[in-house]
Amino acid sequence: MDNSGNPQDSVVPPVEGVAGGGTAYGWNDNCSQSSGPLNGSINPTEIPTADLVHVWCMPSTANVGPQEMPRPLEPINLLAARNERESVQIALRPKVSWSSSSTAGVVQVQCSDLCSASGDRLVVGQSLMLRRVVPMLGVPDALVPLDLPVCQISLIPGETTAVWVSIDAPYAQPPGLYEGEIIITSKADTELSSQCLGKGEKHRLFMELRNCLDNVEPIEGKPLHEVVERAKSTATTLRRVIFSPLFSEFFSDNGPIDMMDEDAISNLSVRVKLSLTVWDFILPATPSLPAVIGISDTVIEDRFGVRHGSDEWWGESMRVLTYTCPWPADHPKSDEYFSDPRLAAYAVPYSPVLSSNDGAKDYVRKEIELLRTKAHWKKAYFYLWDEPLNMEHYSSVRNMASELHAYAPDARVLTTYYCGPSDAPLGPTPFESFVKVPKFLRPHTQIYCTSEWVLGNREDLVKDIVTELQPENGEEWWTYVCMGPSDPHPNWHLGMRGSQHRAVMWRVWKEGGTGFLYWGANCYEKATVPSAEIRFRRGLPPGDGVLFYPGEVFSSSRQPVASLRLERILSGLQDIEYLNLYASRYGRDEGLALLEKTGTYQGPERYTIEHLPIDVMRGEIFNACRH
């Protein structure tokens, strides 16, 4: 597959009102692939889909916008370690309209399992997932889940639609080459209408299936003859439903037609060949770099109308690992959550509900005493103050930390900052004052978390920060991004290049940070219903503080919808594991040299715009470390 971004001789225009611009907003229609103009009424069941729709592939770092122009279709070849996710995009753009509605037409997207020569599989719906890329503020970002193994997508005349394909290689997946395909088929209006059930037909089908359930549910303890009768009755009903005209398209005189075979018979579909090489390296369950991202509980309370701490506030299934736990330390779910190996670090609240009375302090002390007895205590830290600016702020940090360390001397305190106290400079210049903060806060802070904005493009300043730290005494250096740094530096703002999003973690690895913090993942403007339109907060760069969206905004699903940027954060963290593996074999200096010589990352203003150097770097690590 062609992993490049835009052609070298084209100039990438920025997205209006959004910093950065995309690397994949193409505008050269260099491969229409059409067999000729189609005039008059079009029946897609008689015409190859390739004559109706452009289909091509793009890398995960491409921002595939509505005006992305077609490229040649090439097979997809991916590489993944075990316990790693690798992603790619399939772009669709109609050449003509064949629908009688306002859309250009509908295509069916169908996936097969990925299979190895030894018979191992990566199963659709378990290891392989499809999501539609939905623009936010006109920029591709939200990843809305699609049905599997078959879904239908409406195409808009003159616009490109992207499908995000993710493949998860499980921890125990046997290494090897896995192959499959994704089949794109244009559908006729009549086919679609025949597949849409009316209310009466839906009710009939519902009652038939419910009767089946009523028949088989109460069989425990029943006599064998009664169980047999119930099973026969259920089989009769199911056979009547399955052989109804609704499902006639899936049967022939010789029995059921496999859905993949049906398309093979028509021979009109576009087949995207997909192969994934799974190698024997296993990404650690616990990320080498703790990356903590805030979840705003007030946003959850306002939008979903739930009370903080109630059962509904977080529900029974925690899918997103937050920067703090919603349950008290003695709750079984709390211990389960903190012990989860995927969780690299967790914050412990200093005082419940910001109360400072004796009862609240006793409660916190008991919580901490319990946590200190647990093996996961080594993951704990206390985030007492965000970005202190003056002596009053810094004194508050020192006082709170002293109180905490009086009964938990091994507690780790994290302090974020981008300057020293403005009213009592610690040095002759602002930067020198900033560098001296560790000396001023010691021993009241163990994790010094600095803004990448302070460094600008001066990587040489890193040594000044690190020199002030005492890692032998457990001190760490973490970094963070938020409103800054701005384009062209790495950050997670909407509209920045895909490689720019991914480069945040490359920068952390090169600079030698041991952790990372991001202020928020769901900090949109206030809303009072889950399905309310997403609005980014005023005064912030678009996308700042937002990495996922409520599912209700896009459908009836309550499942949160990830952003492209969140997926690229994951890719960056996985790149760190690759670089750590390489450095463990050949030394950190060789790892840094590889990062630079492949053109992947040299500095905050010098990193790849194209995707190819990323694949080259990962490929070199694969070749050097697979034996």
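Bear in mind that the values in this text are calculations on the coordinates, not laboratory data. Worth saying up front: this structure is predicted, and the values here are computed from it rather than measured. Because the Cβ atoms are built from the backbone with ideal geometry, glycine has one as well, and the counts that use them run over all protein chains shown.
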Item checked: Label-point separation in nm, N267 to M391, each point 7 Å along Cα→Cβ -> 8.6
Notebook entry, point to check: Tell me, what ³J(HN,Hα) does each residue in the range 610-627 have, in order and in whole Hz, if you take phi through Karplus 6.51 cos²θ - 1.76 cosθ + 1.60 with θ = phi - 60° and put x for Gly and Pro?
Noted result: 8, 8, 3, x, 5, 5, 5, 4, 5, x, 5, 5, 4, 5, 7, 10, 7, 10
Item checked: Global geometry of the range 475-541, whether rounded, prolate or oblate, following the gyration tensor of its Cα atoms and the 1.5 cut on a/c -> prolate
Item checked: As computed over the range 541-627, the Cα convex hull volume per residue (Å³) -> 141
Check: Spin-label point model (7 Å from Cα, Cβ direction): what's the E468 to L224 distance in nm?
Finding: 8.2
Next item on the list: Work out, step by step, the length gained on full extension between Q126 and D214: first 0.36 nm times the residue separation, then minus their alpha carbon distance; give nm to one decimal.
Entry: 28.7 nm
Next item on the list: Compute the relative contact order of the range 289-561 as a whole-number percentage, counting only Cα pairs closer than 8 Å that sit 6 or more residues apart in sequence.
Entry: 18
Notebook entry, point to check: Antiparallel DSSP bridges in the range 289-561: what percent, to the nearest 5?
Noted result: 10
Notebook entry, point to check: What do you get for Rg/Rh over the range 289-561 if you use C-alpha atoms and the Kirkwood form of Rh?
Noted result: 0.96
Check: Applying 1/(1 + (r/R0)^6) with R0 = 45 Å to the Cβ-Cβ distance of S102 and L177, what FRET efficiency is obtained, to the nearest 0.05?
Finding: 0.55
Checklist line | Proximal lysines relative to K232, as straight alpha-carbon distance under 17 Å, when same-chain residues fewer than 8 apart are discounted | finding: K222
Item checked: Whole-Hz couplings from phi, Karplus 6.51/-1.76/1.60, listed for the range 392-406; x for Gly and Pro -> 4, 4, 5, 5, 5, 4, 4, 5, 5, 5, 4, 5, 5, 5, 5
Check: Which shape class applies to the range 473-627: rounded if a/c is under 1.5, otherwise prolate when a/b exceeds b/c and oblate if not, where a ≥ b ≥ c are the square roots of the Cα gyration tensor eigenvalues?
Finding: prolate
Margin query: List the pairs from K379/K526; K374/K510; K439/K510; K374/K436; K273/K510 whose alpha-carbon separation is above 28 Å, in the order I gave them.
Written below: K379/K526; K374/K510; K374/K436; K273/K510
Checklist line | H405 paired with S422, simple spin-label distance in nm, labels 7 Å along Cα-to-beta-carbon | finding: 2.7
